[in-house]
1. Go through the stretch 316-323 residue by residue and turn each phi into a ³J(HN,Hα) via Karplus (6.51, -1.76, 1.60, θ = phi - 60°); whole Hz please, and just put x for glycine and proline.
2. Taking only DSSP H segments of four or more residues, each worth -39500 (n - 2.57), what value at 222 nm results for the chain once the sum is divided by all its residues, to the nearest 500 deg cm²/dmol?
3. Answer with one residue from SER388, LEU250, LEU175: the one whose Cα lies farthest towards the positive end of the charge dipole of the chain, charges on Cβ with Lys, Arg +1 and Asp, Glu -1.
4. The stretch 3-71: percent of C-alpha pairs farther apart than 21 Å?
5. Just the number, please: Stokes-Einstein D of the stretch 171-259 in µm²/s, Kirkwood Rh from C-alpha pairs, 25 °C, 0.890 mPa s.
6. Calculate the dipole size of the chain relative to its Cα centre from +1 charges on Lys and Arg beta carbons and -1 charges on Asp and Glu beta carbons; express the result in debye to the nearest 20.
7. Given +1 on the Cβ of Lys and Arg, -1 on the Cβ of Asp and Glu, and no further charges, what dipole in debye does the stretch 3-71 carry about its Cα centre, rounded to the nearest 20?
8. Give, as ranges by residue number, the residues of the stretch 99-119 whose backbone N falls under 14 Å from the point 7 Å along Cα→Cβ of MET1.
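Every number in this text was worked out from the coordinates using simple rules, so none of it is lab data. Fair warning: this is a prediction, and the values are worked out from it, not measured in the lab. Cβ coordinates were reconstructed from backbone atoms using ideal geometry, including for glycine residues, and neighbour counts include every protein chain displayed.
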Amino acid sequence: MNKAILAQPVQDYIRLNLNADTNQIALAKSPFDDVSSAELANQILARKKAEKKLPTWFNAQNIYYPSSLSIEQTSSEITAKYKSKLAVSNSLIDVTGGFGVDAFYFASQVQTVSHCEINGDLSEIAQHNAEVLQAENITFKNTDGIEYVKSASAQFGTIYIDPARRAEKGKVFMLKDCTPNVTINLDALLRKTERIIIKTAPLLDISAGLSELKNVSQIHIVSVKNECKELLWIIDRHFNGRTEIVASTLNETEKSLTIGWATLNTETEFASQVAPGDYLYEPDAALLKSGAFNFIGQTYGLKKLDPQTQLYISREINAEFPGRIFLVNEVLSPAELKRLKNPSGNVIVRNYPARADELVKKHKIKPSKSEFFIFTKAHQNNCVIKCSILQYY
């Protein structure tokens, strides 16, 4: 950590050049003797990436940024705030502390937080920023968090782990492919805590994760603006029941659906037709990740279009639904669409044998802000639903 970066002239330079070309800054001669051009470029790039993701850090004075990659990999504020509510008891240890965003928000919920980070530079950066943000109940340890917990005499209310993937192995990966390896340390960690929270990328298959873990009371699937951001695995030492899935959407308002594992394959009702005036529902990415396709329809009183089409209809609108809601204006066959003059609308493809870009080109569909063409399958027939969007999230 180069503390010369915190000097006021350097901070002013970073702020004034926030929209500058960082490649040019990195290649040019630095205006400061003790701060390199590469360091300046990184601070600008990382701060820019924090603008929407980490507004508290972005708007504070004298924040020191790590590599821009660390900013990309850290939790956003909105997801960190959500997971902070999952901590139990009065103490928490973050064994993979990183930039410290999660620790900062956990500190707003529990009395004491320990931040462990094996990278000395990153540990120092996180401590500096916590002091700037006046998070006084966090202690920082430059050490291997897993080994620290295993050797500690103290008990911790909650242990938080954000393991990093070691290697790509297709679309499905295992926790054993991550660092730290939670699976081989799980028993040792459970002896030191009541609850473990594990954050993983949404790429991790839920069934695969459950096969590697035990005592999983809940799995939280968290999405922001219809993009699945993370899975949170809640492991409770004394839990031996059936796992619940909680699909949560974090937008202007937070919406959650709790799904019992036994209800994933419940029965649902199918639509016999789609007609103008119907409301069409498209579940948020968090709900889709849960796999509870029939349960979604049952919970919100909706009818599915087709067994393999995760779209639903109703004659009523329900703003509590986590996902997009459209008003159906017209239902067309693919042949009827060809006869439309100057069609305009955003193209969505769900369970249909063509890509969106192919259909736009084929039918010469112009973009629109609020109108949509949904190419899909309803009661086993291909169709095109022309509709207007009423709710985005």
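1. Once rounded to whole Hz, the list reads 10, 9, 10, 5, 7, 5, x, x.
2. The per-residue figure over the chain is -8000 deg cm²/dmol.
3. Looking along the dipole axis, the top candidate is SER388.
4. Considering the stretch 3-71, 14 percent of its Cα-Cα pairs are separated by more than 21 Å.
5. Diffusion coefficient, whole number: 179 µm²/s.
6. Here the chain has a charge dipole of around 1260 debye.
7. 300
8. The answer is 99-101, 115-119, whose backbone nitrogens lie closer than 14 Å to the label point.
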